[in-house]
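Every read-out reported here was derived from the displayed coordinates using simple, explicitly stated rules and does not represent laboratory data. Since we're looking at a predicted model, the values are computed, not measured.
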Amino acid sequence: MTMDGPRIALKVNDRDNVATIFANGIHNGSEVELRDKKGFVETLTVHGEIPYGHKIAVRDIKLGELIFKYGEEIGIATQNIRKGDHVHIQNLDSLRGRGDLPKREENYHGV
């Protein structure tokens, strides 16, 4: 627990291999409490910086493996991801597209 309160990561579904960070100031070497709906608590050591609301890997994820959040497939790992790593656009190919790139407009021309 910190002065700001507990550093929590919430895993919603048993399938999930990522959890959502609910704390500010999560830096390399920080520890967060991984919690699930059943009350399970595990301590995760963070690798890098993870902003509030972002994802943390709750186990090692291999290149090409599906990533699950809230029990749903959200993307595919574009590299090996260690337990405790930030999971975001640098290592995740989202099934809904990348939020940091403008949408590509398709131009279809009739023949």
Task: Value of relative contact order over region 8-94, rounded to a whole percent, pairs C-alpha under 8 Å and six or more apart - done: 29 percent
TODO: Enumerate the calculated ³J(HN,Hα) couplings along region 12-25 in order (Karplus 6.51 cos²θ - 1.76 cosθ + 1.60, θ = phi - 60°), each rounded to whole Hz, writing x wherever the residue is Gly or Pro.
DONE: 8, 10, 4, 6, 4, 10, 10, 10, 9, 7, 10, 6, 9, x
Open item on the list: Considering the Cα positions of region 8-94, please state its Rg to one decimal place and its Dmax as a whole number of Å.
Closed with: 11.6, 31
